[in-house]
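Presented below is the structure to which this report refers.
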Amino acid sequence: MPATRRPLSKGRSQKPVIAWDRKDLIGLQGVSAEQIRALLVASRARVDITTDVTDSPLAGTTIANLFFEDSTRTRTSFTNAAHRLRAHVSNLLGAFSSVTKGETLIDTARNVEAMGVHALVIRARQGGAAGLIAKNVRCPVVNAGDGRHEHPTQGLLDIYTLAEAKGRLNDFKLKGLTVAIVGDIVSSRVARSNIAGLTALGANVVCVGPAGLAPRSLESLAETGPGAGTVRVTHDFDRVLPEVDAVMMLRVQFERHADAAGKNSPSIASIREYRSFFGMTGARADQMKKGAIVMHPGPINRGLELDPEVADGPRSVILRQVTVGVGVRMAVLEACAAASA
Ligand code: CP
């Protein structure tokens, strides 16, 4: 199913030239291209490994997943990453925690840290929650998605998967590539992390969606460092399809819209109309250029933003994104632990 993977070139260094220097990974916005590359280069040594890391600096430590919002991929991926690093994993799910009795997220995190935890992985409904917790604990904090703010490890694994498909694993320089991010962008922390990371590394981003979900203001999210790419907004998906190297479809997040009842949304006149203008159908996939890929962070609304024949078709790298995520999260856990030592 996934698009063809390009082989690793010989003689490439597995060690980053510049090391990640932050205790926490809260977001990719404002992070330099060099720092993002440090995490991606470190990920190369972890993606696709088939055995546990024998000399892991995290062996015997405990990583705590604090998930105050549902997750399939991210929580399992961080768990698998920690196990690969020979760390113990402790899982706290918000719905079964004392947060339901009124305990604050900060108190929850500090209590879990007090049990001898070496890193916290946080998912929360509130944008800014992971950063707030990071300021109130000593151990590293990795943001696993906070509200509409950021989902930095998803951004990193998406960028890694794109770089792999486009033969950019050697230097992670993305100049010359154009990525369309399509759909419910205002609701999307994944989009914010991707826009920051992709433009920092030189890719151009086209945000596509109805005006209520893809407002012009997204253009201000482009990073501004040397060699950074641009962001533009369009409401015409069919026009951009033949130009782009990758299309990143986003789930319509009805639960984050003002009218969360049923499948109504103040920004979508009708589901049928949305699909007709912004759904990735087989006919639209045929308009893409040779070698262009289709991505989705999951979970997918099959038949709404993405048709099954495309999700499971030859352009799809969706399950490859999931596989890459484990190695990327291993690298992030190691990098934050090393920076905080
Ligand atoms: N992509 C992603 O964050 O999926 P989950 O919500 O299942 O973790």
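The values are calculated or read from the model by the stated rules, or taken from the named source; none is laboratory data. Given the structure is predicted, the values throughout are model-derived calculations rather than measurements. All Cβ positions, even for glycine, are placed from backbone atoms using ideal geometry, and neighbour counts span all protein chains on display. The accessibility values were calculated without ligands, DNA or RNA, using every heavy atom of the protein model including side chains. Shrake-Rupley method; radii C 1.70, N 1.55, O 1.52, S 1.80 Å.
In the list 110, 138, 148, 123, which residue meets the criterion of being in contact with a strand residue (DSSP E or B) (Cβ under 6 Å, 6 or more places away or on another chain) and not aromatic (Phe, Trp, Tyr)?
Unique residue meeting the criteria: 123.
Can you tell me which of (1) more than 30 Å from residue 212 (Cα to Cα); (2) surrounded by 24 or more Cβ atoms within 10 Å (Cβ to Cβ); (3) not assigned by TED's automatic domain parsing to the domain that holds residue 79 is the one residue 119 doesn't meet?
The failed condition is (3).
Of the residues 305, 243, only one is of a type in the set (Asp, Glu), in the same structural domain as residue 182 (by TED's automatic domain parsing) and either without any contact (Cβ under 8 Å) to a residue 24 or more places away in the chain or surrounded by 19 or more Cβ atoms within 10 Å (Cβ to Cβ) (or both); which?
One residue alone meets the criteria, 305.
Within the stretch 284-302, track down each residue that is exposed (fewer than 12 other Cβ atoms within 10 Å of the Cβ) and farther than 16 Å from residue 187 by Cα.
286, 289, 290
If you check 28, 58, 66, 39, which single one turns out to be touching a residue at least 12 places away in the same chain (Cβ under 8 Å) and touching a Pro at 6+ places or on another chain (Cβ under 6 Å)?
Being touching a residue at least 12 places away in the same chain (Cβ under 8 Å) and touching a Pro at 6+ places or on another chain (Cβ under 6 Å) holds for just one of 28, 58, 66, 39, which is 28.
Any chance you could count how many residues in the stretch 136-146 are within 16 Å of the ligand (Cβ to nearest atom) and either open to solvent by 10 Å² or more (accessible area, probe 1.4 Å) or touching a Leu at 6+ places or on another chain (Cβ under 6 Å) (or both)?
Residues meeting the conditions: 1.
Looking at the stretch 299-310, is at least one residue at pLDDT below 95, among the hydrophobic types (A, V, I, L, M, F, W, C) and more than 16 Å from the ligand (Cβ to nearest atom)?
yes
Can you name the residue in the stretch 53-82 that is closer than 27 Å to residue 138 by Cβ and either of a type in the set (D, E, K, R) or outside the structural domain of residue 328 (by TED's automatic domain parsing) (or both) and is also nearest to the ligand (Cβ to nearest atom) among such residues?
So the residue we want is 75.
So in the stretch 122-135, with the set limited to residues that are more than 16 Å from the ligand (Cβ to nearest atom) and not basic (Lys, Arg), which one is most open to solvent (accessible area, probe 1.4 Å)?
132
Go through (1) within 16 Å of the ligand (Cβ to nearest atom); (2) assigned to a helix (DSSP H, G or I) and name the single condition residue 112 misses.
The one condition residue 112 does not meet is (1).
Say we look at the stretch 71-87 and pick out the residues that are farther than 17 Å from residue 156 by Cβ and assigned to a loop (DSSP other than H, G, I, E, B); which of these is most open to solvent (accessible area, probe 1.4 Å)?
It comes out as 86.
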